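Asks: Have a look at this one.
Please treat every number below as a calculation from the coordinates, not as lab data. Here the structure is a predicted model, which means the values were calculated and not measured. Positions of Cβ are generated from backbone atoms using ideal geometry, with glycine treated the same way; all protein chains shown enter the neighbour counts.
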Amino acid sequence: ASLGDGLVVRGIHAGYGEMRVLHGVDIEVAAGEAVCLIGANGMGKTTLMRCLAGLLRPYEGTVGFAGRNLTGLSAAARVREGVALVPEGRHVFKPMTVQENLEMGAYKRLWPRRDPKVAADLAHIYEIFPRLKERRTSLAGTLSGGEQQMLAIGRALMSRPRLLLLDEPSMGLAPRVVQEIFAVIRRISAEGLAILLTEQNARMAFRTVSRCYVLSEGQIISEGTSEKLAADPAVKAAYLGI
Ligand code: ATP
């Protein structure tokens, strides 16, 4: 795993018109590495994820992945480059079935011709998430919050990413469900996929990723290994409730 194959984010300034949110963010995720961006509500985590996925154009700064400059590319082009986002709030297609949602994640490989490998990828997703297999003909809107989060992750994996962006995967979920989601994140990380996730609650993230950044008011104020940050008194007070 080297940075040349990973994500390199330099000097991102971004926001919404006059509302400036990010003030020069630099982060890196090596190939196969799992990294967390910790930050309280409203500190700019989602804004950064949107810049990385190509959903928001930053005022300044660059995004590189696997040696390619993604800065000007559309969201669809970034998916082709191997970057997939699991958005905050899941955004599954509620009137479609579970399987149709998963297939949407591979839509480039379904039309105009169906790539036979899509079936194998679906089988792999169903092996990771047996619950989705059970519910494959159910409408996504009838799933529980945890099941919808699993579906959103599965849909992203169907694009065969090399970097998975997970924006607050634990949001609104019961502790037991959060544990299940993080167990899956650890598994796909162990399979070699690079992961960048955001969290408000650092406890689960520290057990899952090797390295973290702390984002506060649009700037990275601290970074280091999970062990180092978990022992930092300021981090404990702000993000572990200690
Ligand atoms: P959350 O936990 O709520 O997702 P966050 O760290 O992801 O928090 P962002 O969603 O990036 O924070 O929001 C950062 C700031 O930008 C907040 O003050 C928010 O109100 C503001 N903001 C977010 N989206 C917009 C928008 N579309 N237009 C204007 N301001 C916005």
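Asks: Quick one: Karplus J couplings for the range 168-174, per residue in order, coefficients 6.51, -1.76, 1.60, θ = phi - 60°, nearest Hz, x for Gly and Pro?
Replies: Each residue's phi maps through the Karplus curve to give 6, x, 8, 4, x, 9, 5 Hz.
Asks: Related question: So how much slack lies between residue 117 and residue 240, counting 0.36 nm per residue of separation and subtracting their Cα-Cα distance, in nm?
Replies: Once the chain is fully extended between residue 117 and residue 240, it gains 40.0 nm.
Asks: Could you work out which residue, out of 165, 151, 173, moves most in a Gaussian network model of the chain, that is, has the largest mean-square fluctuation with Cα springs under 10 Å?
Replies: Its mean-square fluctuation being the largest, the pick is 173.
Asks: Rounded to the nearest Å, what's the spacing between the alpha carbon centres of the range 84-146 and the range 158-220? Just the number, please.
Replies: 20 Å
Asks: Nearest 0.05, what FRET efficiency do residue 69 and residue 136 give at R0 = 35 Å with Cβ-Cβ as r?
Replies: Using R0 = 35 Å, I get an efficiency of 0.35.
Asks: Would you calculate, for the chain, the mean residue ellipticity at 222 nm contributed by helices, counting each DSSP H stretch of 4 or more residues as -39,500 (n - 2.57) and dividing by all residues, to the nearest 500?
Replies: Computed mean residue ellipticity for the chain: -9500 deg cm²/dmol.
Asks: Based on the Cβ-Cβ distance of residue 107 and residue 20, what FRET efficiency does E = 1/(1 + (r/R0)^6) give at R0 = 41 Å, to the nearest 0.05?
Replies: With R0 = 41 Å, the Cβ-Cβ based efficiency is 0.75.
Asks: What number of lysine-lysine pairs in the range 85-242 show an alpha-carbon separation below 28 angstrom, given a sequence spacing of 8 or more or placement on distinct chains?
Replies: 7
Asks: At 25 °C and 0.890 mPa s, grab the translational diffusion coefficient of the range 120-242 from Stokes-Einstein with a Kirkwood Rh over Cα pairs, rounded to a whole number in µm² per second.
Replies: So the translational diffusion coefficient is about 157 µm²/s.
Asks: How high is the FRET efficiency from residue 200 to residue 59, r the C-beta distance, R0 25 Å, rounded to 0.05?
Replies: For R0 = 25 Å, the calculated efficiency reads 0.50.
Asks: Then there's this: Rank the residues 50, 131, 176 as a footprinting-exposure proxy: fewest other Cβ atoms within 10 Å of their Cβ go first.
Replies: 176, 131, 50
Asks: Using the count of nearby Cβ atoms within 10 Å as a rough guide to exposure, how do 13, 91 rank from fewest to most?
Replies: 91, 13
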